[in-house]
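The structure appears right after this line, and notes come after that.
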Amino acid sequence: MSVLRGKRVLVTGATGFIGARLVRYLLDAGSEVHGITRQSSHVDDGMTWWQGDCRNEVFVQETIASCRPEVIFHLGGYVYGRRDLDAVLDAYHGNLTSTVNLLTAAAKAGCRKVVLAGSLEEPQGAYEAPSSPYAASKWACDGYARMFHRLYRLPVVNSRIFMVYGPGHWENKKLVPYLID
């Protein structure tokens, strides 16, 4: 990833399963890395940490205005595919509110690239209904990403990440870790 050498990169969900590995990769590639985490404890590892929640519009605006990232990887959010009614608001705010806050602040700051973490669960067809609150929130995030690209010329990529597993994965109920166990 030499293309990111010397670039200022912001990673949301920087202490998560995928985010922590991406942060290590970016640091090794020579990027100036800023990480957002909701957790209060993190080590001094050569990067800048921002503690807060991307559901908070003011926090997101202030963080992006302060660190002025050239590239943003938005990996933080609500990651559960539960189908019950109690999951609706958590998925909505954890994914859609945080993504819209981030896209708005990135567009205002003139960010050069935003990479979102999409999902296998997002509906493909125009009339296909989402299978869960999580899927609906990710689908809506993709719609907002396309709108921000079209209306505000914000370069956004929605990477459809799925079936992620590996050392240190904390949830063995997902398909691949479950089968391995």
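The values are calculated or read from the model by the stated rules, or taken from the named source; none is laboratory data. In this text, all values refer to a predicted model and were calculated from it rather than measured experimentally. With ideal geometry, Cβ positions are generated from the backbone for all residues, glycine too; neighbour counts draw on all protein chains shown. The area values use the complete protein model at the heavy-atom level, side chains included, leaving out ligands, DNA and RNA. Shrake-Rupley method; radii C 1.70, N 1.55, O 1.52, S 1.80 Å.
Based on what the data block shows, is residue 132 touching a residue at least 40 places away in the same chain (Cβ under 8 Å), surrounded by fewer than 20 Cβ atoms within 10 Å (Cβ to Cβ) and touching a Lys or Arg at 6+ places or on another chain (Cβ under 7 Å)?
Numbers: touching a residue at least 40 places away in the same chain (Cβ under 8 Å): yes; surrounded by fewer than 20 Cβ atoms within 10 Å (Cβ to Cβ): yes; touching a Lys or Arg at 6+ places or on another chain (Cβ under 7 Å): yes.
Judged against the criteria, residue 132 is a match.
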Discussion item. Return the residues of segment 7-22 that are open to solvent by 10 Å² or more (accessible area, probe 1.4 Å) and under 21 Å from residue 109 (Cβ atoms); say none if nothing qualifies.
Written reply: 7, 8, 13, 22
Worksheet, complete the sentence: The residue from 77, 81, 110 that alone is open to solvent by less than 30 Å² (accessible area, probe 1.4 Å) and either on the phi > 0 side of the Ramachandran plot or without any contact (Cβ under 8 Å) to a residue 24 or more places away in the chain (or both) is 77
Worksheet entry | Complete set of residues in segment 139-163 that are open to solvent by 50 Å² or more (accessible area, probe 1.4 Å) and either at pLDDT below 80 or farther than 16 Å from residue 80 by Cα (or both) | 144, 146, 147, 149, 150, 151, 152, 153, 157, 162, 163
Worksheet item: Got a sec? Which of 105, 136 is part of a helix (DSSP H, G or I), under 26 Å from residue 68 (Cα atoms) and at pLDDT 90 or above?
Response: 105
Worksheet item: Is there a residue in segment 90-101 that is of a type in the set (A, V, I, L, M, F, W, C), in a helix (DSSP H, G or I) and farther than 24 Å from residue 151 by Cβ?
Response: yes
Worksheet item: Restricting attention to segment 7-49, which residues are assigned to a helix (DSSP H, G or I), within 20 Å of residue 98 (Cα to Cα) and over 15 Å from the mean Cα position of the chain (by Cα)?
Response: none
